[in-house]
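The values are calculated or read from the model by the stated rules, or taken from the named source; none is laboratory data. Treat the numbers as computed from the prediction; the structure is a model and nothing was measured. Methodologically, a virtual Cβ is constructed for each residue, glycine included, from the backbone with ideal geometry; neighbour enumeration extends over all protein chains shown.
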Amino acid sequence: MKSIGNKTLLGLALLAMCAVVTVAQVKTPRERLAERSFPNVTLTTHEGRKVKFYDDLIKDKIVIINFMYVKCDGKCPVTTANLVEVQKLLGDRIGKDIFIYSITLKPEEDTPRVLKQYAKAYKVGKGWAVSNRRSTRHRAVAPEARLHRSRSGARRKQGEPHRHVEVG
């Protein structure tokens with residue numbers, strides 16, 4: 001039997017390293033779907049924490065997400081009040097089994113300081129984060145069709161809050 005030379009061993013070692021790197025880069029179907037559906041943008045919570053939308057907030061969790069803004073004359077206060085009732089009904093499950101995230105549609109106006117006051121006014125508890133993204137590209141967090149059209153396909157008026165629930 002011939003001995004394996006140093007060059008051959010080096011070649012095999014490099015081939016093995018490439019195989020390990022290639023396997024590490026292969027994503028599961030779930031990871032590919034999550035990457036397409038849920039961007040991993042950075043948000044700032046009302047507590048000033050920087051969080052990644054997918055990795056930190058929704059991955060492997062049961063979540064309730066609503067889009068809102070602080071200076072809203074329409075349904076935002078009603079929706080937030082309803083979420084406060086949900087928070088009360090679910091009790092200590094919020095922050096353990098179920099998480100609530102309110103994401104502003106007006107990040108320029110709704111700074112973390114403003115959102116902190118909003119959260120305090122509504123008595124937002126643990127497991128509920130009110131967040132913003134320092135960009136006008138809030139649509140990156142949810143598909144544009146879901147932000148601008150109801151399930152029926154009817155267009156909403158400019159500035160009108162969203163009035164539907166997504167379950168899935």
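Applying the selection to region 74-108, what residues are in contact with a Leu (Cβ under 9 Å, 6 or more places away or on another chain) and charged (D, E, K, R)?
If the condition is that a residue be in contact with a Leu (Cβ under 9 Å, 6 or more places away or on another chain) and charged (D, E, K, R), then Asp97 is the only one that fits.
Among residues belonging to region 17-45 that are at pLDDT 75 or above, among the aliphatic types (A, V, I, L, M) and loosely packed, with under 15 Cβ neighbours inside 10 Å, point out the one that is nearest to Val130 (Cα to Cα).
The qualifying residue nearest to Val130 (Cα to Cα) is Leu33.
Taking region 38-81 on its own, how many of its residues are among the β-branched types (Val, Ile, Thr) and part of a strand (DSSP E or B)?
Residues of region 38-81 that are among the β-branched types (Val, Ile, Thr), as a first pass: 41-42, 44-45, 51, 58, 62-65, 70, 78-80.
Imposing the further condition that a residue be part of a strand (DSSP E or B) reduces the set to 42, 44-45, 51, 62-65.
Summing the residues that are among the β-branched types (Val, Ile, Thr) and part of a strand (DSSP E or B) in region 38-81 gives 8.
Within region 66-75, identify whether any single residue is touching a strand residue (DSSP E or B) at 6+ places or on another chain (Cβ under 9 Å), in contact (Cβ under 8 Å) with a residue 24 or more places away in the chain and of a type in the set (S, T, N, Q), and answer yes or no.
yes
A quick yes/no check of all residues on (1) within 15 Å of Val124 (Cβ to Cβ); (2) buried (at least 19 other Cβ atoms within 10 Å of the Cβ); (3) touching a residue at least 24 places away in the same chain (Cβ under 8 Å):
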{"position": "Lys59", "(1), (2), (3)": "no, no, yes"}
{"position": "Thr80", "(1), (2), (3)": "yes, yes, yes"}
{"position": "Ile98", "(1), (2), (3)": "yes, no, yes"}
{"position": "Pro107", "(1), (2), (3)": "no, yes, yes"}
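For (1) closer than 20 Å to Ser37 by Cβ; (2) modelled with pLDDT of 90 or more, each residue gets a yes or a no:
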| residue | (1), (2) |
| --- | --- |
| Tyr54 | yes, no |
| Phe67 | yes, no |
| Tyr101 | yes, yes |
| Arg113 | no, yes |
| Tyr122 | no, yes |
| Asn132 | no, no |
| Arg137 | yes, no |
| Val167 | yes, no |
